[in-house]
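Notes follow once the structure below has been shown.
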Amino acid sequence: MERLLKFIYEYRAFFTFLFLELTCIWLIVENNRFQSSTYFNSSNRMAANVLGFSQGVREYFSLRTINRDLAEENAILRTALEQRNQRIFADQVPEIKDPLMKNKFEFIDAKVFSNSTGFYKNYITVDKGKSDGIEPGMAAISSMGVVGKVKSVSDHFAVLISLLHTDEMVSCIVKQKDYFGTAQWDGSDMRFTSLRYIPRHANPSVGDTVLTSGYNSIFPTGVLVGVIHSANLSGEAPFWDIRVELAQDFSKLSFVELVKSNLKNERDSLERVTISEIR
């Protein structure tokens, strides 16, 4: 305290000058309309900038919560949309009474913990597992398009086979042409995949949309895979050489929706029994 008083005493002239300057400024602002309006406009603008900056900082640190809420909302809306579509179909076919036929798919949101993109066989780890109803074989999609398929699960985590995996194949359809093929990554570029087995008479075009076909029981029908970037037909080749630009940029993948097919086990078991009997 003694040092503070000594400091003030030593610089008393400066503090007196500062006090008089502030008093003069206050008197000018208080008694002159132009200076008063200029001061308040400037102070309001500065206060607004400070408040805007602080609000931006708060929003930045709350992005994780916002993204989680959006992912949960997307999963709920996608489930509701799928159920609505199935109800419309059921209304058109009144004979369908089975609730599973009316609610074929359920959607569970999950956050991506790790995601590799630089290998020939890439995997994704998410924060949902057995305790959340996740099982191997479930499809994984995002708000942009197809992501992959669940490979293995623990109680609280799941590892997905990414679409950027040279062994992963997804049954697709070229929307504008209604021809079926298989999307399979060739390991060369994370932004593109190959679309195989499109016959030479199909005549695909650059810009055509590629969707999941629904031929397997994993992916719902009509999930976006990407758009055709190039299509070439060489010699007497039976199939087109097609490059598809993926809808999902895997370098920006943060959340996924895991798709539970309520009819998968029934369909798979029936197909296995039927095929084994034929053979």
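The values are calculated or read from the model by the stated rules, or taken from the named source; none is laboratory data. Note that this is a predicted model, so its numbers are computed, not measured. Glycine gets a Cβ as well: all are built from the backbone with ideal geometry, and neighbour counts include every protein chain shown.
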Subset of the range 225-279 (residues that are surrounded by 14 or more Cβ atoms within 10 Å (Cβ to Cβ), acidic (D, E) and over 15 Å from A140 (Cα atoms)): D241, E245, D268
Only listed residue being in contact with a Ser or Thr (Cβ under 8 Å, 6 or more places away or on another chain), farther than 23 Å from G129 by Cβ and not aromatic (F, W, Y), chosen from V206, V210: V206
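Yes or no, residue by residue, for (1) among the aliphatic types (A, V, I, L, M); (2) farther than 28 Å from R267 by Cβ; (3) assigned to a loop (DSSP other than H, G, I, E, B); (4) in the same structural domain as P136 (by TED's automatic domain parsing):
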{"site": "D167", "(1), (2), (3), (4)": "no, no, yes, yes"}
{"site": "S171", "(1), (2), (3), (4)": "no, no, no, yes"}
{"site": "V206", "(1), (2), (3), (4)": "yes, yes, yes, yes"}
{"site": "V210", "(1), (2), (3), (4)": "yes, no, no, yes"}
{"site": "G226", "(1), (2), (3), (4)": "no, no, no, yes"}
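For the subset of the range 166-187 comprising residues that are without any contact (Cβ under 8 Å) to a residue 24 or more places away in the chain and within 14 Å of I242 (Cα to Cα), which member is surrounded by the most Cβ atoms within 10 Å (Cβ to Cβ)?
Checked the range 166-187; the qualifying residue surrounded by the most Cβ atoms within 10 Å (Cβ to Cβ) is W185.
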Every residue from the range 204-213 that is free of Cβ contacts under 8 Å to residues at least 40 places away in the same chain and surrounded by 13 or more Cβ atoms within 10 Å (Cβ to Cβ): P204, D208, T209, V210, L211
Residues located in the range 100-142, provided they are assigned to a strand (DSSP E or B) and of a type in the set (A, V, I, L, M, F, W, C): F105, F107, I108, A110, V112, F113, I124, V126, A139, A140, I141
So R191, is it farther than 23 Å from N216 by Cβ, surrounded by 14 or more Cβ atoms within 10 Å (Cβ to Cβ) and either of a type in the set (K, R) or modelled with pLDDT of 95 or more (or both): yes
Residues being assigned to a loop (DSSP other than H, G, I, E, B), aromatic (F, W, Y) and under 24 Å from L258 (Cα atoms) - total across the range 173-201: 1
